[in-house]
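K.L.:
Provided herewith is a single structure, encoded as structure tokens, for subsequent inquiry.
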Amino acid sequence: MATRAFSGKLVVAGVILLAAGGAFLLNVFTAGPPRDLQRVLSPLPSVGGTPSGAVVITPSSARATPGRSVQVNITTPCGFVAAVDFDGSFWRPGNGRSMASVGRKLSPPVDPVSVTLQAEDSALLRTAGGQVIVLVRSGLRSIVNPVC
């Protein structure tokens, strides 16, 4: 009975070739960020035009009295609102982040929230769970909300 033997060098070269090829294919198939992360990091649509499946909203709230709280909701079936409609303007978190990024870190219960005007361009948002977010007037005249 004849037995064929392969050289150890040939086996090692084959294993290295298979490992390099497998690493290359794995890199090709998993290239780029996950779709969920792309959706979160993609910029908001411009206010210039309304994309299909979206609604342009303008502020509709009444003027607020400094020191008096007003109840609003910051969640929708689609997630968190893009900006809080309060005191006839849209308001956003004071640290420059979006409402969605701040909202993901809030502990339930979130809604209803109360917003209290502190100064002309400063307000405090308090969630139903007691967390506080500093809001600043955004200056936006309208926002685009996706229809879900």
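The values are calculated or read from the model by the stated rules, or taken from the named source; none is laboratory data. Just so it is clear, the structure is predicted and the values come from calculations on it, not from any experiment. All Cβ positions, glycine included, derive from the backbone under ideal geometry; neighbour counts span all protein chains shown. Surface accessibility is based on the protein's heavy atoms, side chains included, excluding ligands, DNA and RNA. Shrake-Rupley method; radii C 1.70, N 1.55, O 1.52, S 1.80 Å.
K.L.:
Taking the condition on the phi > 0 side of the Ramachandran plot and modelled with pLDDT under 80, does Gly32 pass?
P.N.:
Details: on the phi > 0 side of the Ramachandran plot: yes; modelled with pLDDT under 80: yes.
Spelling it out, Gly32 is indeed on the phi > 0 side of the Ramachandran plot and modelled with pLDDT under 80.
K.L.:
Quick one: in region 133-148, of everything that is out of contact with any Leu (no Cβ under 9 Å at 6 or more places or on another chain) and in a strand (DSSP E or B), which residue is farthest from Ala123 (Cα to Cα)? I'd like the intermediate steps shown before the answer.
P.N.:
As a first pass, look at region 133-148 and keep what is out of contact with any Leu (no Cβ under 9 Å at 6 or more places or on another chain): 136-142, 145-148.
Applying the additional criterion that residues be in a strand (DSSP E or B) yields 136-137, 145-146.
Values: Val136: 6, Arg137: 8, Asn145: 23, Pro146: 26 Å.
The extreme case among them is Pro146.
K.L.:
Let me confirm something: among Leu125, Leu117, which residue is out of contact with any Gly (no Cβ under 9 Å at 6 or more places or on another chain), surrounded by 15 or more Cβ atoms within 10 Å (Cβ to Cβ) and assigned to a strand (DSSP E or B)? It would help to see each step written out before you state the result.
P.N.:
Details: Leu117 fails: out of contact with any Gly (no Cβ under 9 Å at 6 or more places or on another chain).
Of the residues listed, the single one that is out of contact with any Gly (no Cβ under 9 Å at 6 or more places or on another chain), surrounded by 15 or more Cβ atoms within 10 Å (Cβ to Cβ) and assigned to a strand (DSSP E or B) is Leu125.
K.L.:
All but one of (1) closer than 24 Å to Ala54 by Cβ; (2) part of a loop (DSSP other than H, G, I, E, B); (3) of a type in the set (D, E, K, R) hold for Lys105, so report the exception by its number.
P.N.:
Failing condition for Lys105: (1).
K.L.:
Now for a different question. Could you list, ordered by first residue, the pairs with Cβ atoms under 7 Å in which the first is in region 132-145 and under 12 Å from Phe86 (Cα atoms) and the second is acidic (Asp, Glu) and open to solvent by 60 Å² or more (accessible area, probe 1.4 Å), at least 6 apart or interchain?
P.N.:
What qualifies is Val136/Asp121; Arg137/Asp121.
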